[in-house]
Amino acid sequence: MKQAFKQGRTIIFIAFLLFIWELIVRFADIPHWLLPTPSAILKEGSQSYETFVPHALATVQLALLGLAIGILCGLTVAVLLHRFTFVLELFYPILIMSQNIPVLVLAPLLIIWFGFGLLPKLIIICLVCFFPIVISAMDGFRQTAPELKHYFEMIGATKAQTFWKLEWPYAYPSIFSGIKIAATYSVMGAVIAEWLGAKKGIGVYMTLAQSSFRTDRVFVAIFAIVFLSLLLFSAIRLIEKFVVKGRGFHAEHSKH
Amino acid sequence: MLSIQNIDKSFDALPVICNLSFEVKDGEFVAIIGPSGSGKSTLFQLIGGVTSIDAGAILLNGTDIQQTKGTIGYMPQQPCLLPWRTIVENITIVDELQGKPNVNDAKEWLDKVGLAAFEHAYPNELSGGMQQRVSFIRAIVSNKPILCLDEPFSALDEFTRLEMQAWLLSIWEKYRKSILFVTHSIEEALFLADRIIVLTKRPATVKKEIIVPFARPRQEEIRHSASFTALKQQLFTYLKEEKDEANVD
């Protein structure tokens, strides 16, 4: 109840901001090609709905596939880095460096190497997604309560058992917060990947709109990206609720 | 049963345990008390096989268990239940690590101690005292020849602690498993144990051994008897001696 009220408040506030935007554009007489009003964007969105949906679906597909691969890579890397210290020493600096290369610089290279197919696009999304997952998963593994680790030692758990039965499940909440960040990045990554050359996708739609000065369509694309990111974020939160058990939200219904 | 023979242990240059020997017989409840920092936790790490001893031997039923993990039932100070596992899943963890979780045994024990309703609950739905009961059952269900309890009630509030002591006593008097119980509460040791071993300050060795004369099954009333108070006074004096010497150093 309280949460619903809070969410309602947020929506009202966003509506209020859009209203201010509308007012400013109208009173300051800003030309339509420079900054369209929210109502014009909404109108454009509903009019070009049919042409836009296939683009959006293509992006969603690409983002989800990229995110899935990114999660897999991220978790694998995190597990390897955590369990084998020498790997950590070797690869950690490279990991950080990989995040310092701007995607837009890397993209043309990937196209030269791998062509215009799916592969370079997935590599880009994977690159943006996997870093937050690696970092948060590793933090989660490392933060495992020392008394639990000691207990596992005392009852004779092997290193592998301690990892898979203790550290791995202990890190679930951290892993999920990493995945949530990665999910929002994945949509953005997909759009950037599509700029490089694709037949369909929000990125393509955006490039076309931009080159024909259809600012309203650019905004339609922007809102679509925001909406998709939010949708993905909530979907992951829902999955988290089912996977992460016994921590926090059960306490409300405690029998004692 | 468990036999600790002349063990030494030092960390770097700091001797923690020096020539410590004692024994826990089958079906006996032995309590260890000592001034804080006297190496009680280290002793458990040695028995648990987590750390190696420098000299001496630790025998369990005649076999050397030095540096062998998983030979004892262990109950730590904190309940140490895994929050993502239900109570039954938590209790069977020790068996699970060795390949064969015994769910029926776990359920039977939960039933015996009246926690059957919480079988599928998560630990955060239980109070602190109940979590410690689950932790104790987990140690029992692991089905090891001896249970090592490391200050199991020290993190509980006074009232729950008294309740838990009475609970442990009633369970133990029914099933008589060998228990080695580390505590820093004199009263707790007197109320529960057959025998109390008083450790010296670091490096720890046996200072005194007291046989607790109260008959079993014990009642709550013995806490108020004259002999209980006398023994308590005596143990207190021993510990105070050690404390005073430690302060002189």
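The values are calculated or read from the model by the stated rules, or taken from the named source; none is laboratory data. Note that this is a predicted model, so its numbers are computed, not measured. When we count neighbours, we look across all protein chains shown, and the Cβ atoms used for this are built from the backbone with ideal geometry, even at glycine.
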Within the range B:52-76, the residues that are in contact (Cβ under 8 Å) with a residue 24 or more places away in the chain, out of contact with any Ser or Thr (no Cβ under 6 Å at 6 or more places or on another chain) and within 10 Å of chain A (Cβ to nearest Cβ) are B:Gly70, B:Thr71, B:Ile72, B:Tyr74, B:Pro76
field: Residue in the range A:153-169 that is within 16 Å of the chain's Cα centre (by Cα), within 14 Å of another protein chain (Cβ to nearest Cβ) and part of a helix (DSSP H, G or I) present
entry: no
Expected single match for in contact (Cβ under 8 Å) with a residue 12 or more places away in the chain, assigned to a helix (DSSP H, G or I) and within 14 Å of chain B (Cβ to nearest Cβ) among A:Glu240, A:Glu194 is A:Glu240
Apart from one, (1) surrounded by fewer than 18 Cβ atoms within 10 Å (Cβ to Cβ); (2) away from chain B (no Cβ under 14 Å) all hold for A:Ala145; the odd one out is (2)
Based on this model, can you work out whether B:Asn124 counts as in a helix (DSSP H, G or I), facing chain A (nearest Cβ under 9 Å) and in contact with a Pro (Cβ under 9 Å, 6 or more places away or on another chain)? yes
Quick count over the range B:84-118, residues being in a helix (DSSP H, G or I) and either surrounded by fewer than 17 Cβ atoms within 10 Å (Cβ to Cβ) or within 24 Å of the chain's Cα centre (by Cα) (or both), is 22
B:Pro213 passes all but one of the listed conditions (1) more than 24 Å from B:Val24 (Cα to Cα); (2) at pLDDT below 90; (3) exposed (fewer than 15 other Cβ atoms within 10 Å of the Cβ); (4) not hydrophobic (A, V, I, L, M, F, W, C); the exception is number (1)
Quick check: is even one residue across the range B:104-114 more than 9 Å from chain A (Cβ to nearest Cβ), within 19 Å of B:Gly128 (Cβ to Cβ) and in contact (Cβ under 8 Å) with a residue 12 or more places away in the chain?
yes
The correct count of residues that are of a type in the set (A, V, I, L, M) and not in a helix (DSSP H, G or I) in the range B:161-206 is 10
